[in-house]
Structure formats: structure tokens, C-alpha cells
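Novice: My structure is below; once you've seen it, I'll send some questions.
Computed from the coordinates by the stated procedures, all read-outs in this text should not be read as laboratory data. Treat the numbers as computed from the prediction; the structure is a model and nothing was measured. When we count neighbours, we look across all protein chains shown, and the Cβ atoms used for this are built from the backbone with ideal geometry, even at glycine.
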Amino acid sequence: MQPIAFCSRCRGMRVGWNGPYVLHCLLCKKWISKSSKLLILTVLISILVFAFHTPGFVVSGNNPQQPVQEASLQIPVPHVLPAAVDPAVRTIDAFLQRYHVDETHRGRVAESIVNSARKYNLDPRLVASIMIVESRANPFAISTADSIGIMQIHLPTWGNTAEREGINLFKIEDNVDFGVRILKDYTRRFGLWEGVKRYKGWNADNAESTQSVEDYLAKVQSTYAFEKPAESAELLQ
């Protein structure tokens, strides 16, 4: 006859390989540590859960009554600015879009350009044109001339200032603001287009530099004039 075990917690049970006795051994008897009991119990519960788990979708079968869960496709959402956004930001965003600026950060670039252009009293379309020529709005652009970021800040010239003032040249807002600040200083001292030449890094005593900066200025002016609205044209006259 199979022996019977008694426990104040589990009550009577048959000794042997059966559910009540196994649980009694795991939960009540002293021959296994408390931490091991918890581990084994967790494993058993996990096995039971997965053994009786019903999948949420059917892979195959011809039964029309079986529920089938449709796969959800992650479709990229086009870049859309909020309806209440600043009209100037929306205008620059559209301008950048025509030059195929990456939509993942285009709105952020447009907002940075407008904010800094207003801060330093410059035409945001001009700033955007310089940025397109310099880096095509790539925040991590690094040139062979040691210029970095979206506005291509020249490190040998401005690196110490950026470090001293804690300017992160790989952050869109910091780089744009510092670049517009530099451009404003040049345009104030030398006039608009001469200031743009200085922003490029013009050495008037070097013929090769002069040709390079003239080509640069032509690119900026061509970009600026692309489908230029009348109000922007008046700002540069």
C-alpha cells in the first residue's frame, strides 16, 4: 500500500511522484533551500504558462473560423510641421525640403535658422543658403579643412572660442547659432556679400583662394535666388 504523508499546510497526500507531494516537498520540507524552492517553483509556473499559451494568430490552416491576426506594417510618416508653427519656420522648412534636406531633422534645422537669424538680424533664407552650400544640413559634416557641423565652423579659427563658451558644434542649435553670429560680425564689418566671402575664409592675397571664394559666393547666391519670394529679394537690396 502506498504510504500517506500528512502536513499541517498541505494536509494528507500520497507519497510518490505526484503533484501534491512534489509541491509539498518544494514548499514545506527542509531538504531544499528557500532560494532553490523559489527558483524551481518559478520554472514550473513558466512551463505551465507556456504549455497552455494560445498564440494570437494562425500560421496555417484552412478553417475559415480560425482568427487571423494581421501583421502591422511600420510605414514611415512624412515630416509634417504642426499647424500652429511659426510661418517663417514653415517657409524655411519648405526651402530646405526643395534641397532634399533629411526630413528627420529638417524642422529642427529650420527652427534653429529662424531663431538665430532673428537674434542677429539676418535673412533666414540667406543663412539657409549658406548652410546648404556648406554641408547640405549635415550636423556631423567634417571637411578636409577642419570645419565641422551644419554651418562648417572652422576649428583653427573658432575652436578655442567654442570650447571656452561651451558650444557643442555637433548640436544643430549650437552650430547654427554660432555660425550666424560669425556671419553677422563679417557682414557688419564688410557688407553683405563681402561678409559671406569672409565666412568662407577668403585670403585676398591668394589668387587660388580668391577664385575659390568667388565660386562659393556664386553657389550661395544661386541657392538664395532659387524661387526667391519678392519679400526676400527686398531684404538684400
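Novice: Can you give me the long-range amide H partners of residue 147? Hydrogens built in the peptide plane at 1.01 Å from N, cutoff under 5 Å, separation of 5 or more residues or another chain.
Specialist: Here the answer is 155, since their amide H atoms fall under 5 Å of that of residue 147.
Novice: Sketch the reach of a paramagnetic label on residue 123 as a point 7 Å from Cα along Cα-to-Cβ, and name the residues of region 146-185 whose backbone nitrogen lies under 15 Å away.
Specialist: 184
Novice: For each of 208, 214, 173, 134, count neighbouring Cβ atoms within 10 Å of the residue's Cβ, then give the residues from fewest to most.
Specialist: Numbers: 208 8, 214 13, 173 16, 134 23.
Starting with the residue having the fewest Cβ neighbours, the order is 208, 214, 173, 134.
Novice: Let me ask you something else. Kindly rank 117-129, 85-97 from highest to lowest mean number of other beta carbons found within 10 Å of each residue. It would help to have the intermediate numbers written out before the result.
Specialist: On the way: 117-129: 19.7, 85-97: 17.8.
Top of the packing list down: 117-129, 85-97.
Novice: Separate question: Rounded to whole Hz and in sequence order, give me ³J(HN,Hα) for region 190-202 from the Karplus expression 6.51 cos²θ - 1.76 cosθ + 1.60, θ = phi - 60°, writing x for Gly and Pro.
Specialist: 10, x, 4, 6, 5, x, 5, 4, 5, 4, 5, x, 7
Novice: Here is a follow-up. For region 144-161, take each phi angle, set θ = phi - 60°, evaluate the Karplus expression 6.51 cos²θ - 1.76 cosθ + 1.60, and give the result in whole Hz per residue in order, putting x for glycine and proline.
Specialist: Computed from phi, the couplings for region 144-161 are 5, 8, 6, 10, 10, x, 5, 9, 6, 6, 7, 5, x, 8, 10, x, 5, 5 Hz.
Novice: Residue 145 to residue 207: FRET efficiency via 1/(1 + (r/R0)^6), r the Cβ-Cβ distance, R0 25 Å, to the nearest 0.05? Please list the in-between numbers first.
Specialist: Numbers: r = 18 Å, r/R0 = 0.72.
E between residue 145 and residue 207, to the nearest 0.05, is 0.90.
Novice: Please give the length that would be gained between residue 157 and residue 192 if that part of the chain were fully extended, namely 0.36 nm times their separation in residues minus their C-alpha to C-alpha distance (nm, one decimal).
Specialist: On the way: separation 35, 0.36 × 35 = 12.60 nm, distance 2.07 nm.
Between residue 157 and residue 192, full extension yields an extra 10.5 nm.
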